[in-house]
Amino acid sequence: MEEQNNDRRFFLLFLLILLLVIVTLMVVLGWGITMQSALATGIVGAALAVVVVLGGLSLIYPDTLRSRATERTLRVASNTLDHMRNGLSPESCEAVCKLLLPETEAQALSMCDTKEVLAYVGEDAGAYPSGSPNGTRVDETIKSGRLQTFQYTRAEIKRFEEEGRIKNSKVLPAGIIAPLTVQNKAVGAITFYYRYGRSIDRTQIAIARGLANLLSTQLTSYELDQQAELTARAEVKALQAQINPHFLFNTLNTIASLIRTDPAKARVLLRDFAAFYRQTLEGSEQMLPLSRELEQTRRYLTFEHARFGEDRIVETEHIEQGLERLLVPSFVVQPIVENAVRHAMRDEGALHIDVHAVRDGEDVLIAVTDDGVGMDSETIKKLLEAIEKPHTIESGPSSKGTGIALRNVAERVKRFYGPDSGIEVVSKVDKGTQIALRLGGAAATLES
């Protein structure tokens, strides 16, 4: 087919050249053709010849043109990948925007996460500084996960300025917003800004969609790498947190003392102790019903009751109907209860611990609340830093183990239930502490 097209174009080119030769001869021989008409004919013929030649070259060398386009695409993909290795951060997003802006007809580019602008490059950069909150349309795009275009009116821009959402009224009024997704969930967006709404055509929309898909793929790769790293780290930390040498030795000493005074109780504790550590050694990656996790927690408390006395620790459970069969990672409740026993008990009196599990829309909330000694704001701040930043664990309150255990729980909750999951800590001195786990989308799994 391509050879036939080449033949036709060369034949047409030959006819045009022949026409030019004939016209020139007619002028030279004085056959009634004026120089002006000859010149006009020659210009038209030359233009058509250029079109034919360029068209012919595109057919003669299609592989060359495709190769150049492919090379350009691969270069962009490679360069953005270098910056997306660290996920969505202000530095990586600014670098990516600078790389991608020349590949479009847009006057500016911005990238954001689910909450705020991370980078803005191009005209009117002062309008959306890094750290400013996302606009309504960006939030809508992230929520829906679908690309959309927009064109602001002057009244809208003025209102944005009055609301403090932009720094000045000189903003680019039209654009394309494309979501950035990881595992079918929007984690941010990239916005292409244009001076005129008519600049937004099918080509620009296709470019925006293609670049957003490219960045989404790279972010998914980054997320998978992070999950693999967290899996390896969580497995080690889970074992370290659960095989606590102090707990191990204290329990063995308690059982040893009971062998002389209450052999029957010692035998029961020894069986429970074996079952407890068998569950521990099965691995932190196992998913099990919440009822079994609570059973493991109660088994742990039997050892502490034997050590401190039945009346020193009072545990209650309030589980919403149906949630007992919810699949959760092992060791997400027991370590929190253990932290309460280790750090919240007073020298005298009972420590009350309540485990509460309820649905919250599509999420599930599991809260462990105690009425112990509590924590001040500075201790809470250090604890949260230990949970969020693993390198701070040694220097925080977790030096006794709290940070390691909660960090381990937080990592696995996020890995199994997504970035909207995590841990919340509320505490008051002499009032007690509540550690709440949010399991994103967990309630929906019960209905499927």
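Where a number appears in this text, it was derived from the coordinates with a stated rule and is not lab data. Since the structure is predicted, the reported quantities are computational estimates derived from the model, not experimental observations. FYI the Cβ positions are ideal-geometry reconstructions off the backbone, even for glycines, and counts take in every protein chain you see.
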List, in order, the whole-Hz ³J(HN,Hα) value for each residue of the range 373-385 obtained from phi through the Karplus relation with A = 6.51, B = -1.76, C = 1.60 and θ = phi - 60°; use x for Gly and Pro. 6, x, 9, 7, 4, 5, 5, 4, 4, 5, 5, 5, 5
To the nearest 0.05, how large is the calculated FRET efficiency for Q321 and T217 if R₀ is 30 Å and r is the Cβ-Cβ distance? 0.10
Radius, Kirkwood style, for the range 249-368 when every pair of distinct Cα atoms is counted (Å): 15.5
For L270 and A436, extending 7 Å from Cα along the Cα-Cβ vector and measuring point to point gives, in nm, a value of 4.5
Calculated FRET value between V425 and T203, using beta carbons and R₀ = 35 Å, to 0.05: 0.10
Take the Cα atoms of the range 73-159, build their convex hull, and give its volume per residue in Å³. 116
Once Rh is set to the Kirkwood radius over Cα pairs, what Stokes-Einstein translational diffusion coefficient, in µm²/s, holds for the range 310-366 at a temperature of 10 °C and a viscosity of 1.306 mPa s? 123
Among the trypsin sites (Lys or Arg not before Pro) in the range 306-382, which ones are in a DSSP loop with at most 12 other Cβ atoms within 10 Å of the Cβ? Mind listing them? R346
For V187, enumerate residues with amide H under 5 Å from its amide H, sequence gap 5+ or separate chain, H modeled in the peptide plane. L180, T181, V182
Label the range 296-442 by shape, choosing from rounded, prolate and oblate, from the square roots a ≥ b ≥ c of the eigenvalues of the Cα gyration tensor; if a/c is under 1.5 it is rounded, and otherwise prolate applies when a/b is larger than b/c, oblate when it is not. oblate
Sorted by mean Cβ packing within 10 Å, highest first, what order do the peptides 181-192, 134-145 take? 181-192, 134-145
The Kirkwood hydrodynamic radius of the range 338-387, taken as the inverse of the mean 1/r over all distinct Cα pairs, in Å, comes to 12.7
